[in-house]
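Undergrad: Input: one structure, supplied below.
The values are calculated or read from the model by the stated rules, or taken from the named source; none is laboratory data. Everything quoted here is computed from the prediction, not taken from an experiment. Note: ideal-geometry Cβ built from the backbone for every residue, glycine included; neighbour counts use all protein chains shown. Surface areas here come from the heavy atoms of the whole protein model, side chains and all, with no ligands, DNA or RNA. Shrake-Rupley method; radii C 1.70, N 1.55, O 1.52, S 1.80 Å.
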Amino acid sequence: QRPEPEVHGTFAGEPMYTVLPPDAIPAIRAPEFLSGAEARGQMSADEDVMGLLLGKTARAYSLWQLDSHEIVNDEIAGMPFAVTW
């Protein structure tokens with residue numbers, strides 16, 4: 001049987017619980033990308049993505065993957081950033 005989650009305070013009168021321990025959901029630390037033509041062969045045309053355009057570089061992060069990982073650590077032209085969901 002699972003232990004009861006620990007209450008860490010309240011918000012608007014409701015208890016706040018720790019559901020997952022820190023780092024329980026791994027970030028994507030080295031994302032791999034496909035060309036548009038390659039992606040068309042693996043993704044549906046109506047698949048939701050989070051898009052980013054920085055200068056002339058465009059990236060699309062699949063929301064079904066972000067549902068599982070929630071964070072992607074990425075870099076464009078030496079500028080690190082995090083995509084969060």
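Undergrad: 7 Å from Cα along Cα→Cβ at both Trp64 and Ala12: what's the point-to-point distance in nm?
TA: Computed distance between label sites Trp64 and Ala12 equals 3.2 nm.
Undergrad: For Lys56, project a label point 7 Å along Cα to C-beta. Then give me every residue of segment 1-36 with its amide nitrogen under 20 Å of that point.
TA: 33-36
Undergrad: For the chain, what is the mean residue ellipticity at 222 nm derived from helices alone (per DSSP H run of n ≥ 4: -39500 (n - 2.57); sum divided by total residues; nearest 500 deg cm²/dmol)?
TA: -4000 deg cm²/dmol, from helical runs alone.
Undergrad: Just reorder Arg40, Arg59, Arg2 by solvent-accessible area, largest first, 1.4 Å probe, all chains present.
TA: Result, largest first: Arg2, Arg40, Arg59.
Undergrad: If you take every DSSP beta bridge whose two residues both sit in the chain, what share of them, in percent to the nearest 5, is antiparallel?
TA: Here the share of antiparallel DSSP bridges comes out near 95 percent.
Undergrad: What distance in nm separates the simple spin-label points at Ala24 and Glu75, each placed 7 Å from Cα in the Cβ direction?
TA: Once both label points are built, they end up 3.1 nm from each other.
Undergrad: Can you pull out the GluC sites (Glu not before Pro) in segment 28-80 that DSSP calls coil and that have at most 12 other Cβ atoms within 10 Å?
TA: Glu32, Glu47
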